[in-house]
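Have a look at the structure below, then the notes.
The values are calculated or read from the model by the stated rules, or taken from the named source; none is laboratory data. The model shown is predicted, which means the values in this text are computed figures rather than measured ones. In this analysis, Cβ positions are derived from the backbone assuming ideal geometry, glycine residues included, and neighbour counts consider all displayed protein chains. Each accessible area value is taken on the protein alone, full model and side chains, heavy atoms only, with ligands, DNA and RNA left out. Shrake-Rupley method; radii C 1.70, N 1.55, O 1.52, S 1.80 Å.
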Amino acid sequence: MISLIIFIVIAVFIAVFTGFNIGNTCNVNVIFYTFESVPVFITIIVSFVAGVIIALPFSFGKGRSIAAKKISKIKARAEKDALKKASEAGKDIAKHDVAKNHEENQTEKK
């Protein structure tokens, strides 16, 4: 619902911008050809769309690398936590074995 409202506001803004600039024209030179009496708003909109199209591949590639870094950090943190838990469990087992050996030694001396 919110996206529809935003879309309508943007469409109204473009319509108002177009209405105010319909009389403003310019010549657009494209390499070997000149477009004459092109409305300014068309020039602006075409330039914006061309910029978006050119920028899209760069934005997608960046998002993937950021996501990959986040995933690798999460995996590294999980491995670190697993190793820490395993070492703590190993220490507990070692303490238990030491206590058991101590008890056995005490019973043998008696």
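Mind checking which pairs have a first residue in the stretch 7-36 that is at pLDDT below 85 and a second that is open to solvent by 60 Å² or more (accessible area, probe 1.4 Å) and polar (S, T, N, Q), Cβ under 8 Å, 6 or more apart or different chains?
Correct list of pairs: empty, since none qualify.
Hey, A67 hits all of (1) open to solvent by less than 60 Å² (accessible area, probe 1.4 Å); (2) touching a helix residue (DSSP H, G or I) at 6+ places or on another chain (Cβ under 9 Å) but one; which does it fall short on?
(2)
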